[in-house]
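Have a look at the structure below, then the notes.
Bear in mind these aren't lab numbers, they're just calculated from the coordinates by the rules spelled out. As the structure is a prediction and not an experimental result, all values here were calculated from the model. Methodologically, a virtual Cβ is constructed for each residue, glycine included, from the backbone with ideal geometry; neighbour enumeration extends over all protein chains shown.
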Amino acid sequence: MKNENSISKILPVLFGFFIMGFCDVVGITSTHVKADFGLSDTLSNMIPVALFSMFLIFSVPTGILMNKLGRKKTVLLSNVITVIAMSIPLIEYSFVMALVAFALLGIANTILQVSLNPLLTNVVKGDKLTSSLTAGQFVKAISSFCGPYIAAYAAAQLGNWQYIFPIYAVITLVSTFWLLVTPIDEEMAEGKATSFKSVLALLNDKTIFLLFLGILFVVGVDVGLNTASSKILMERCGMDPIEAGKFGPSIYFAFRTAGAFFGAFLLAKFAPAKFYQLNIVIAVIALTALIFVQSQYLIIALFGVVGFTVANVFPIIYGKAIQIHPDKANEISGLMITGVFGGAVIPFLMGMMSDAFCSQAGAVIIILASAVYLMFCAFSVVPDKE
C-alpha cells in the first residue's frame, strides 16, 4: 500500500516533466517564424534567445521564492504562466508577439525546472536520485519528440501549425489539476533566509562552478541541434519547413527519448561518470562528422546518435551538483538551472556563425565546441568524488 501511495505521488510529478518539454518547441517555431516573416538566421534564433535568457534572470530568484512558497506551489505557479504564454500567439501572431510569448514561456519553464527537480526528491528517496531525474528527462524527451508532430498535425488537420499552442495549454491545465489534488509532504526551509548573494556564493566551489558550465553547454548542445536540425535538412537536402521539422527535431528527440529511457535503467546499475564519458566521446565524433556530411540519411543518423548520447548528461551533472550540497538543494537547483541560459547563448552564436559562413556548418561548429567542454567535464569534473 505504501508503494502504491508513493507511485501515486511520483506520477503527477513526472508528468510535470512533460510540460517542461514544451520549451523545446522553439526549434520548430523558429523555423516557421523564419519562413513566415522572411527572417535571417540571427533574427529567427532570437526565439530561443527570448525563451532561454529568462533562465539567467529568474532561476536564482525562483530558488529563493521556493524556500518561502514551497516546491509544489512554485510548480503550480509556473503552470499558470505557461497557460498565459500559450494563449498569446492566438491573440496576435507577429514576430514581436512570438518573442513575448516565448519570453513568458521561458519564465514559466524556468520556474518549473527550478522547482520540479527538487520536488521529485520529496517523492523519491535514497540513492535512486540520478535514475529518477533521468526518468523525468525521459518524460521531457517524449514531450520534445511529440512537438514537431503536434505542429504538423495542427497544420494538416486544423489548418494552422499555431494550434499547437492551445493544445499545450490544455495539457498544462491537466497537469495543474493532477498535481493540485495530490498531497505531497514538504519540509519548508528553516534557519537563515536565503539571499541572491548566498546562492551565487556557491560558485566559489570550483566543482559547482564547472558543473554549472556543464549545464550551460549541455543545454546549448540540446537546444542548438534542435534549432539547427531543420535548417540543416532544408539547406543540404532541399526539404520544406514542415518536412524538415518532422525529420530533424523529431528524429533527434526520438533518439534522445530512447537514450533517456535506457539511461534510467543503466544509471541505476552503472557508475554515472563512466556512462557519461562513453556517451560524450561518441557525441563529439558525431558532431564533427555533421559539419561535413551531405547525405540526407547520414545527417538524420547523426542527429539520432547525438540525441541518444547526450540524453543523460543533464541529469548526471545536475545530480552530481545536488549530491555535493544536499542540504542546499533548492539553492543548487536555482543556480544550476541558471545554466539553462546556454539555450540562449549558444543559438545566438550559432546564428551569427551560420550567417558568417553562409552555411549551417558554422552553427554545428559552435555545437561541437560546447560538446568538447562536456567531454572535459566528463573526464575532469564528474569523477572527482566518485
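In whole Å, what is the distance between the alpha-carbon centres of the range 93-114 and the range 239-257? A separation of 22 Å, based on Cα centres.
In order along the range 233-242, phi translates into HN-Hα couplings of 5, 5, 6, 8, 10, x, 6, 7, x, 5 Hz, rounded to whole numbers, per the Karplus curve 6.51 cos²θ - 1.76 cosθ + 1.60 with θ = phi - 60° and x for Gly and Pro. Each semi-axis of the equivalent ellipsoid for the chain is √(5λ) with λ an eigenvalue of the Cα gyration tensor; in descending order they amount to 31, 24, 19 Å. Counting Lys +1, Arg +1, Asp -1, Glu -1, what net charge surrounds ALA156 among other residues with beta carbon under 14 Å of its beta carbon? With Lys, Arg at +1 and Asp, Glu at -1, the neighbours total -1. Rounded to the nearest whole Hz, the Karplus-based 3J(HN,Hα) values (6.51 cos²θ - 1.76 cosθ + 1.60, θ = phi - 60°) of the range 172-180 follow the sequence 5, 5, 4, 4, 4, 5, 4, 5, 4, with x at glycine and proline. Of ILE282, VAL345, PHE357, which is farthest along the charge dipole of the range 250-360 in the positive direction, counting Lys and Arg as +1 and Asp and Glu as -1 at C-beta? Farthest along the dipole direction, towards plus: ILE282.
Give the angle, between 0 and 90 degrees and rounded to the nearest 10, that separates the Cα long axis of helix 296-310 from the longest principal axis of the Cα atoms of the chain. Helix 296-310 sits roughly 10 degrees off the main axis of the chain. Evaluating 6.51 cos²θ - 1.76 cosθ + 1.60 at θ = phi - 60° for every residue in the range 360-372, the Karplus couplings come out as 6, 4, x, 5, 5, 4, 5, 4, 4, 4, 5, 5, 5 Hz, glycine and proline recorded as x. Dipole size of the chain about its Cα centre, with +1 on Lys/Arg Cβ and -1 on Asp/Glu Cβ: approximately 660 debye, rounded to the nearest 20.
Past the 19 Å Cα-Cα mark, which pairs from LYS68/LYS206; LYS68/LYS197; LYS140/LYS231; LYS9/LYS320?
Values: LYS68/LYS206 28 Å; LYS68/LYS197 17 Å; LYS140/LYS231 23 Å; LYS9/LYS320 24 Å.
Result: LYS68/LYS206; LYS140/LYS231; LYS9/LYS320 exceed 19 Å.
Peptides 254-264, 337-347 ordered by packing proxy, namely the average of other Cβ atoms within 10 Å per residue, highest first: 337-347, 254-264.
Rounded, prolate or oblate: which fits the range 278-386, taking a ≥ b ≥ c as square roots of the Cα gyration tensor eigenvalues, rounded meaning a/c under 1.5, else prolate when a/b beats b/c?
Note, shape of the range 278-386 comes out prolate.
Averaging Cα coordinates gives a centre for the range 329-360 and one for the range 1-67; these two points are 13 Å apart.
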